[in-house]
Amino acid sequence: TSCAREKIFNAELIQPPVATMQLGPSIFLSDSYFENIDAEEGTPVRVEINNKIHDLRIYRNFEELPKVGLHYKYRDYFGINYKDTIQIRIVKINNRDTELTPKPIKFIVENYSGDLNEWNNYAFGAPHGDCDNETGAIVKIVSEKYGIPSTAAYGCRLSYRGIWYDCNRPLMKEPKPSGKGVIGERHWNEKAMEKYSVFQDSAWSNSKLKYGKRFKLFTSFHGHDLTVKLPDGKKIQRPVIEGIGSGFTKNELRKIKKFYYRNRDSYYENPPDLYFGNLPEDLEYEYKGVKLNFFYSGLGTRTYGTLRSDMAEHILHFETPNSMRINPEIQPKTAKLLNDIYQFVKDSIFAQQKPLTLKAYNYSVPKDFNKKANLKGGEFLFGAPDGFGWNSERPQNKVTLSPFEIDIYEVTNKQYCEFLNKQFASNEIEVNEGEVFCKTNSNLLFKTKKAITFSEIDFDNNKFSVVSDREYFPVVFVTYYGAKKYAVSRGERLPTEAEWEYAASWDGKEKYLFGYKENESIEKYSNYEDSYDYFEREKVIKTTPVGYYKKSSPFGVKDMSGNVWEWCSDYYQYDIHKVYTGKKAANPKVTKKSTMNVIKGGAWNTEGSVTSTTKRLGINPNAALINLGFRCVKMSNNE
């Protein structure tokens, strides 16, 4: 072209940095070479090697030595091998002279509006549209061809550049001190919250949802790189779709699965299998003789991310293999599959939904909400046994606890409302646009109905009041700081994670994995999604009144499995059980400050397996969620 400039040089071919596949057709140059090209990162250039030509985007690889990085696909195209010294010719070209669009290193969110008349309150999201390798391109096709509104985020996960934002939930990985890559631990901070909020708010506004409205159906579409080692030693990617559903009954998820299996051969020549992680029969599956556990849960996402119950009535999350995404020729087929699933859900599930057949309402208000269980303490097994739960719950260790007392019931709306009124009367809190703040340190404590329409406590005429008939349900939308301030007002505190788990699971000799002797979730004993209690008929918050279930933990503590997650006082550390191994810790508690605190117990909108007493998540202390409450413990004399 008339304005083309070229550079010719010799360099060693190397593998490009990790986490760069999402950049697409690319070449990675050392700084000195990059500066000689005089082009912005992400600019398309024409590359010639071995008399073969291909248009690629140009990026830095931070190597000072004469090296050039290419992914295997383009290595094979040019007929070269890693560690070869090759001659490269790079030509700058105008954008109009290539079909390859520029792709700079920056975070952007794109909205594809679709047809809101046909698909009102339905949407797709690709939170990592490039990181998951073409998920953004696929949801764009879904919107442009089939009319379903879609939103995709790009440039949020480039760990070789120290960029790692999770737009599915407000978490990030911090850059390494070296400036190359990111550290492994995930954190919750303002940067992560900003990126997450941009994606979430874009999805809402793209569908023109008004305040207090939820999506009828929202799907988060992802790619996965899960691998499996076959009996012959070969390691390959699992050719499966791992899905999660929320807001659907188990039978409805089975219908979606049957629809896929009836039609999958019409989309793909070698279609992957589909498994739903909240169907009991899918938690373990088999591929070529290898038994596999369902890997992806999306639990944090469904608890406090884009798949929350206050964002959507019904939720699907699909982790899909490369075979459904990478090849441009396959992408329209995957887009059609996603559209057809939506049509099926709309026409054959939502249109045919019937009122649930639920248990009768049988509840009497406990006589003493301030009653506590006395726990004598001593040695107990903290964490999950081998073969149960996640890595963050293991290994199980012997620890020792001092005696303490714990609330038998979760703190109710009525109790928390009385606390708020006392705090307001004594001028210790202030209310700003429905949000309650501590006056001394400005911490967010609670969100009333004016701040979030699903809250069950309102504030009007300088008075807090509970929504009608919800007095004896557990309080939600309370932050860690709001829970802690309530406890302190009573001369108490929040339980440590170990104390909480001890009260939920220990009988002196045996560990109860679900708060009662049976070591599995049982719908008649606790409140979780699709447990068919009377309150599943509620439109949004499907908690049960405290103590609604007759079963209790060995110490007589109620609702330790399900109903609402509960705040603990520990900071969250992913591998804490490994830290305790071999130490015989006494009164263990994570005091090293992090950006998250532990929550325990699962909730009304998590599947039964999540309500195990060893399950643990990390949540930012400022989070006020639709499924998160607390209970208190009484301080011992030496505190």
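Summed over the range 89-118, residues that are outside any loop (DSSP other than H, G, I, E, B), open to solvent by less than 40 Å² (accessible area, probe 1.4 Å) and without any contact (Cβ under 8 Å) to a residue 60 or more places away in the chain total 0.
Does the range 249-262 contain any residue that is of a type in the set (A, V, I, L, M, F, W, C), modelled with pLDDT of 95 or more and closer than 30 Å to M21 by Cβ? Yes; the residues of the range 249-262 include at least one that is of a type in the set (A, V, I, L, M, F, W, C), modelled with pLDDT of 95 or more and closer than 30 Å to M21 by Cβ.
Given the condition within 28 Å of the chain's Cα centre (by Cα), under 25 Å from R254 (Cα atoms) and modelled with pLDDT of 90 or more, answer yes or no: does some residue in the range 350-361 qualify? Yes: one or more hits. Taking the criterion of being more than 24 Å from I108 (Cβ to Cβ), open to solvent by 40 Å² or more (accessible area, probe 1.4 Å), touching a residue at least 60 places away in the same chain (Cβ under 8 Å) and acidic (D, E), would at least one residue in the range 26-38 satisfy it? Checked against the condition, which is being more than 24 Å from I108 (Cβ to Cβ), open to solvent by 40 Å² or more (accessible area, probe 1.4 Å), touching a residue at least 60 places away in the same chain (Cβ under 8 Å) and acidic (D, E), the range 26-38 yields no hits at all.
Of the set (1) farther than 15 Å from I241 by Cα; (2) in contact (Cβ under 8 Å) with a residue 24 or more places away in the chain; (3) open to solvent by 70 Å² or more (accessible area, probe 1.4 Å), all apply to N327 but (2).
Going through (1) closer than 27 Å to G179 by Cβ; (2) open to solvent by less than 30 Å² (accessible area, probe 1.4 Å); (3) touching a Phe, Trp or Tyr at 6+ places or on another chain (Cβ under 7 Å) one by one, R57 falls short only on (3).
For the range 551-608, taking the residues that are within 21 Å of S521 (Cβ to Cβ), of a type in the set (F, W, Y) and assigned to a loop (DSSP other than H, G, I, E, B), the one that is nearest to the chain's Cα centre (by Cα) is identified as W604.
Is there a residue being buried (at least 24 other Cβ atoms within 10 Å of the Cβ), β-branched (V, I, T) and farther than 25 Å from E174 by Cβ anywhere in the range 572-584? No: zero hits.
Being buried (at least 18 other Cβ atoms within 10 Å of the Cβ), in contact (Cβ under 8 Å) with a residue 12 or more places away in the chain and either of a type in the set (F, W, Y) or over 30 Å from W506 (Cα atoms) (or both) is true of I349. Restricting attention to the range 262-284, the residues that are under 20 Å from M324 (Cα atoms) and not in a helix (DSSP H, G or I) total 11. So is E510 open to solvent by 30 Å² or more (accessible area, probe 1.4 Å) and either of a type in the set (A, V, I, L, M) or modelled with pLDDT under 90 (or both) or not? No, not satisfied. Which of the residues spanning the range 306-325 are farther than 18 Å from P271 by Cα and out of contact with any Gly (no Cβ under 8 Å at 6 or more places or on another chain)? The answer is R308, D310, M311.
Looking only at the range 465-475, filter to residues that are out of contact with any Asp or Glu (no Cβ under 7 Å at 6 or more places or on another chain) and either at pLDDT 95 or above or among the basic types (K, R) (or both); which one of those is nearest to R308 (Cα to Cα)?
V475
Candidates G277, G247, G289, G233: the one that is open to solvent by 10 Å² or more (accessible area, probe 1.4 Å), among the small types (G, A, S) and under 25 Å from F344 (Cα atoms) is G247.
Identify, please: which residue in the range 6-18 is hydrophobic (A, V, I, L, M, F, W, C) and under 16 Å from E63 (Cβ atoms) and is, among those, most open to solvent (accessible area, probe 1.4 Å)? Give the steps one after another, and end with the answer.
So in the range 6-18, the residues hydrophobic (A, V, I, L, M, F, W, C) come out as 8-9, 11, 13-14, 18.
Then keep just the ones that are under 16 Å from E63 (Cβ atoms); that gives 9, 11, 13-14, 18.
Details: F9: 26, A11: 2, L13: 1, I14: 30, V18: 110 Å².
Ranking the qualifying residues of the range 6-18, first place goes to V18.
Does the range 595-604 contain at least one residue that is touching a residue at least 12 places away in the same chain (Cβ under 8 Å) and open to solvent by 50 Å² or more (accessible area, probe 1.4 Å)? There is no residue in the range 595-604 that is touching a residue at least 12 places away in the same chain (Cβ under 8 Å) and open to solvent by 50 Å² or more (accessible area, probe 1.4 Å). Scoring K73 on the criteria (1) touching a residue at least 60 places away in the same chain (Cβ under 8 Å); (2) charged (D, E, K, R); (3) in a helix (DSSP H, G or I) leaves a single failure, condition (1).
Counting only strands (runs of 3 or more DSSP E) that sit wholly inside the range 434-547, those with at least 3 residues that are in contact (Cβ under 8 Å) with a residue 12 or more places away in the chain are 435-438, 444-447, 463-466. Filtering the range 513-539 to residues that are within 26 Å of I452 (Cβ to Cβ) and open to solvent by less than 30 Å² (accessible area, probe 1.4 Å) leaves S526, N527, Y528, E529, D530, S531, D533, F535, E536.
I'd like the full set of residues that are in a strand (DSSP E or B) and over 21 Å from the mean Cα position of the chain (by Cα), limited to the range 228-261.
Those that are in a strand (DSSP E or B) and over 21 Å from the mean Cα position of the chain (by Cα): V228, K229, K235, I236, Q237.
Restricting S178, S207, S197 to residues that are small (G, A, S), in contact (Cβ under 8 Å) with a residue 40 or more places away in the chain and more than 21 Å from Q22 (Cβ to Cβ) narrows the list to S207. Tell me, which residue of the range 292-310 that is of a type in the set (S, T, N, Q) and surrounded by 18 or more Cβ atoms within 10 Å (Cβ to Cβ) is modelled with the lowest pLDDT? Taking the candidates together, the pick is S297.
The values are calculated or read from the model by the stated rules, or taken from the named source; none is laboratory data. Everything quoted here is computed from the prediction, not taken from an experiment. Cβ coordinates were reconstructed from backbone atoms using ideal geometry, including for glycine residues, and neighbour counts include every protein chain displayed. These accessible areas exclude ligands, DNA and RNA; they are computed on the full protein's heavy atoms, side chains included. Shrake-Rupley method; radii C 1.70, N 1.55, O 1.52, S 1.80 Å.
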